[in-house]
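Working notes for the structure below.
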Amino acid sequence: MAVLSIKNLFIEYQIKSGAVKAVEDVSFDVEENESLGIVGESGCGKSTLGTAILRLLPQNAKITGEILLNGVNLLELDNESMRKIRGKDIAMIFQDPMTSLNPIMRVRDHFFELFKVHNPDIKKNEMIKIASEALESVGVDPKRLNNYPFEFSGGMRQRVMIALAIALKPKVLIADEPTTALDVVVQEQIMQVLKNLMKTKNMSIVLITHDMGIVAEMAERVAVMYAGNLVELGAIHKLYNKPMHPYTRMLLESIPNIKLDDMDLKFIPGSPPDLKNPPRGCKYYPRCPFTKDICKKNDPKTKKVDSRIVKCWIYGE
Amino acid sequence: MVKNSNQMMSARISSFLKDLLGDSSGIMAALGFVILIIFILMAIFAPLIAPYSPVQPSGNPLTAPNWHHLMGTDNMGYDVFSRFIFGSRMALIIAFIATLIAAGVGIPLGLIVGYFGGPLDRIITMIMDSVYTFPGLILAIAIAAVLGPGIINISLSIAVVYIPTYYRVIRSQVASAKNELYVESAYSIGAKTSTIIFKYILPNVLPSIIVVLSMNIADAIMTEAGLSFLGLGITPPTPDWGYDLANGQQFLISNDWWMAFFPGVAIILIVLGFSMFAEGLNEYFNPNIGEKR
């Protein structure tokens, strides 16, 4: 059974000049101990989706649909029960490790805060024990519990953030571009840490990123998002070898390849649509080389083709 | 463990003093600090230092300074030196109470409004801005005139003037701090809103308040002296510099300068002390200023 299951999720930001449709009719499942990558350009709704799962979106965001965690719809919970799920059942790590720890709190106190939220009677040595274990599992010396965040490098801080996120053994970890702010060597280390954790802690990871390489290394299945829509979802190797949606194909083609003599960097012309006034029909047609008449008129339905999900008119009605 | 933390503390204090004395502005802050300590000790040990009672005649009226009356006596025969000593009590008590009230109202208000924002923000900010528009002393006079004399009333009327200062500083800092990633990550581990406000946001915005605080005490002393000078402050014969200054200036014309001179010097010195100290702190907490010079 799926640990996390998202059904027909719509998210709109209400702003003065109208509504921005950040996520439209997105559905997917995350199985136990699976890692699912979500990729797409900036502004396509990846982070909104990830943040929505924890219900941490700003108040002007309107969410409809279902987010089921072990069969419980998170969108129907009251704030207090939702607060208790955060950090314990679902945890999140953020893009910028340099600012995601409180600069005036010791690392220790970040852990204590987390433990006390979920168990007010917890003893101090017990907290230190769990925190030390968590730090060890991400490769940080437990002695550093007494340090302040500024005494850590970026990579180490991200490890601390991960340790904080997994300390209470959540079932799902949402990693919102966990390596974007780090250099490549550290990226690789962090990815190894996440991989090990998945194996040892029986945890599912939702990896949000725009780095196709990281997804290839880490994820078992990939969801491709464009302009708030899930355009393709499938197993990583199938999707990389034979992309079905034109957007996926062009996204993969735009990865520079050092083996080819081709010096030109391929890219997708144009830019994602304004989500306040998205084009009628398929959101991608203005940039798509395979545009047909029907693309401009009607939005394609989500179809299942060869155990893959794809949203494009090419694959029939 | 305890010993260790003590050592750390003393090391911190010594490095603080070293930083402070590192350049000329540090010397200024240190000088201000010394002045303050002298006045505070004077206020605490006033009965031990003062040679006479400040509220009973101790000699002939209008005696010029001599060895029995270091600062002379006033028109009632009170010893000016004793009133000088005891006056520090009134000035400091009122300044501290007023600053406490102002900070005690302004900081939580700024914190809550800055965090929640929205229509509440617009209304409270409008009220605060309209209070801020009045010249400080004029507003304090108006409130003091309604409330009447007395330590608490005077403190209150001074406090009202300074609440907007705290409110504005805290509100703007909170408004930017609440969007920091560490606040969001605190939410993502399930922290309560109250925990986030008091444990994550407040400590991060508090340093900016320390300078405002010491500046405000200096300002409050001036306002208090001003109110007393105008007869709206402490009821005589309680020793108070502002009142003594007002009383003494009537006798300047007959060359009895000491009655007005010494309370005036006291006010100048204590305000100078606080301002120099505040400036020093400001440079310590805000390295950008130091670099600019």
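The values are calculated or read from the model by the stated rules, or taken from the named source; none is laboratory data. Note that this is a predicted model, so its numbers are computed, not measured. FYI the Cβ positions are ideal-geometry reconstructions off the backbone, even for glycines, and counts take in every protein chain you see.
Name the single residue, out of those in region A:36-45 being modelled with pLDDT of 90 or more and under 23 Å from A:Asp299 (Cβ atoms), that is surrounded by the fewest Cβ atoms within 10 Å (Cβ to Cβ). Before you say what the answer is, go through the steps one by one.
Restricting attention to region A:36-45, the residues satisfying the condition of being modelled with pLDDT of 90 or more are A:36-39.
Add one more test, that the residue is under 23 Å from A:Asp299 (Cβ atoms), and what stays is A:38-39.
Details: A:Ile38: 29, A:Val39: 26.
By that ranking, first place goes to A:Val39.
Quick check on my filter: what residues within region A:68-107 are of a type in the set (Gly, Ala, Ser) and more than 7 Å from chain B (Cβ to nearest Cβ)?
Just the residues of region A:68-107 that are of a type in the set (Gly, Ala, Ser), to begin with: A:71, A:81, A:87, A:91, A:100.
Listed by number, the residues that qualify are A:Gly71, A:Ser81.
Each row is one residue, and each column tells you yes or no for (1) over 20 Å from B:Ala98 (Cβ atoms); (2) buried (at least 23 other Cβ atoms within 10 Å of the Cβ).
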site: B:Glu184; (1), (2): yes, no
site: B:Met215; (1), (2): no, no
site: B:Leu227; (1), (2): no, yes
site: B:Gly231; (1), (2): no, no
site: B:Pro239; (1), (2): no, yes
site: B:Ile253; (1), (2): yes, no
site: B:Asp256; (1), (2): yes, no
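Residues that are polar (S, T, N, Q) and away from chain B (no Cβ under 14 Å): find the helices (runs of 4 or more DSSP H) completely inside region A:149-243 holding 3 or more of those.
A:184-201
Scan region A:26-35 and tell me whether some residue there is under 15 Å from the mean Cα position of the chain (by Cα), crowded, with 23+ Cβ neighbours inside 10 Å and not β-branched (Val, Ile, Thr).
yes
List the pairs whose first member sits in region A:304-316 and is under 19 Å from A:Ile236 (Cβ atoms), whose second member is of a type in the set (Asp, Glu) and at pLDDT 85 or above, and whose Cβ atoms are under 8 Å apart, counting only residues at least 6 apart or on separate chains?
So the pair list comes out as A:Arg308/A:Glu232; A:Ile309/A:Glu232; A:Val310/A:Glu232; A:Lys311/A:Glu232.
Condition check: among the hydrophobic types (A, V, I, L, M, F, W, C) and farther than 27 Å from A:Ile85 by Cβ. Does A:Ile236 satisfy that?
yes
Grab the helices (runs of 4 or more DSSP H) fully contained in region B:151-239, keeping just those with 3 or more residues being under 16 Å from the mean Cα position of the chain (by Cα). Let's see the steps before the verdict.
Numbers: elements: B:151-177, B:181-188, B:202-205, B:207-229.
It comes to B:151-177, B:207-229.
Go through region B:64-85 and count every residue that is without any contact (Cβ under 8 Å) to a residue 40 or more places away in the chain, farther than 19 Å from B:Val265 by Cβ and either in contact with a helix residue (DSSP H, G or I) (Cβ under 6 Å, 6 or more places away or on another chain) or not small (Gly, Ala, Ser) (or both).
2
State whether the residues of region B:122-133 include one that is within 12 Å of another protein chain (Cβ to nearest Cβ) and acidic (Asp, Glu).
Within region B:122-133 (the criterion being within 12 Å of another protein chain (Cβ to nearest Cβ) and acidic (Asp, Glu)), the answer is no, since none of the residues qualifies.
Output yes when any residue across region B:93-115 is outside any helix (DSSP H, G or I), closer than 27 Å to B:Glu184 by Cα and not aromatic (Phe, Trp, Tyr), and no when none is. Break it down into steps so the answer makes sense when it comes.
We begin by selecting, within region B:93-115, every residue outside any helix (DSSP H, G or I); these are none.
Scanning region B:93-115, I find no residue that is outside any helix (DSSP H, G or I), closer than 27 Å to B:Glu184 by Cα and not aromatic (Phe, Trp, Tyr), so the answer is no.
Sort out which residues of region A:46-67 are over 22 Å from A:Pro120 (Cα atoms), buried (at least 20 other Cβ atoms within 10 Å of the Cβ) and within 10 Å of another protein chain (Cβ to nearest Cβ), and write them in order of number.
Correct list: A:Thr51 only.
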